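For reference, the structure discussed in these notes is given below.
The values are calculated or read from the model by the stated rules, or taken from the named source; none is laboratory data. For clarity, every value in this text was computed on a predicted model and none was experimentally measured. For neighbour counting, all protein chains shown are included, and Cβ atoms are generated from backbone atoms with ideal geometry for every residue, glycine included. In case anyone asks, the SASA skips ligands and DNA or RNA and just uses the protein heavy atoms, side chains included. Shrake-Rupley method; radii C 1.70, N 1.55, O 1.52, S 1.80 Å.
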Amino acid sequence: QVQLVESGGGLVQAGGSLRLSCAASGRIFSINAMGWYRQDPGKQRELVAVSRSGGNTHYADSWKGRFTISRDNAKDTVYLQMNSLKPEDTGVYYCNAEVAHSDYPTSFLYWGQGTQVTVSS
């Protein structure tokens, strides 16, 4: 099994910044990709950003230019630097990781427990 532990959420005023962290641990052979998603109550999770092996990154249009995803592969950790925050960025942010195990031919997708981000106007 793999565990993802998120941290860094909280309450911030509009225009402020937060940095989210997500550390993976457990039976990890390699991590193909790590990403961040946001969810509003009653709605589906939506992609914020993803970082793939080799350094490729992708951002959803709503957050492109304001958020930056980065990874520390040695620590199996992904970060989300959130700048110029807006009230509409409020939500629960989840990280995920596509993990390969040494004893299984396919990779699995794991999710963190989520961290609340609230941006006040």
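A few comments on the model shown:
- Here the stretch 1-59 has 47 percent of its accessible surface on carbon and sulfur atoms, given a 1.4 Å probe and all protein chains in place.
- Per-residue 3J(HN,Hα) values for the stretch 45-50, derived from phi via the Karplus relation 6.51 cos²θ - 1.76 cosθ + 1.60 with θ = phi - 60°, read 5, 10, 5, 9, 7, 9 Hz in sequence order (x marks Gly and Pro).
- Binning all Cα-Cα separations of the stretch 1-71 at 10 Å, short to long from zero, yields these whole-percent fractions: 16, 46, 32, 6.
- Per residue, the stretch 27-121 exposes an accessible area of 54 Å² to a 1.4 Å probe, with every protein chain left in place.
- What the pair-distance distribution of the chain shows, using all Cα-Cα distances binned every 5 Å from zero, is 2, 12, 23, 24, 19, 11, 6, 2, 1, 0 percent.
- Signed unit charges on C-beta, dipole axis of the chain, positive-most listed residue GLN39, GLY15, VAL5: GLY15
- Along the axis of the charge dipole computed for the chain (Cβ charges of +1 for Lys and Arg, -1 for Asp and Glu, origin at the Cα centre), the listed residues MET82, ALA97, THR115 are led at the positive end by MET82.
- Among GLY15, GLY42, GLY54, residue whose mean-square fluctuation peaks in a GNM of the chain (springs only between Cα atoms under 10 Å): GLY42
- With the gyration tensor restricted to C-alpha atoms of the stretch 1-41, the semi-axes of the equivalent ellipsoid amount to 26, 11, 10 Å, longest first.
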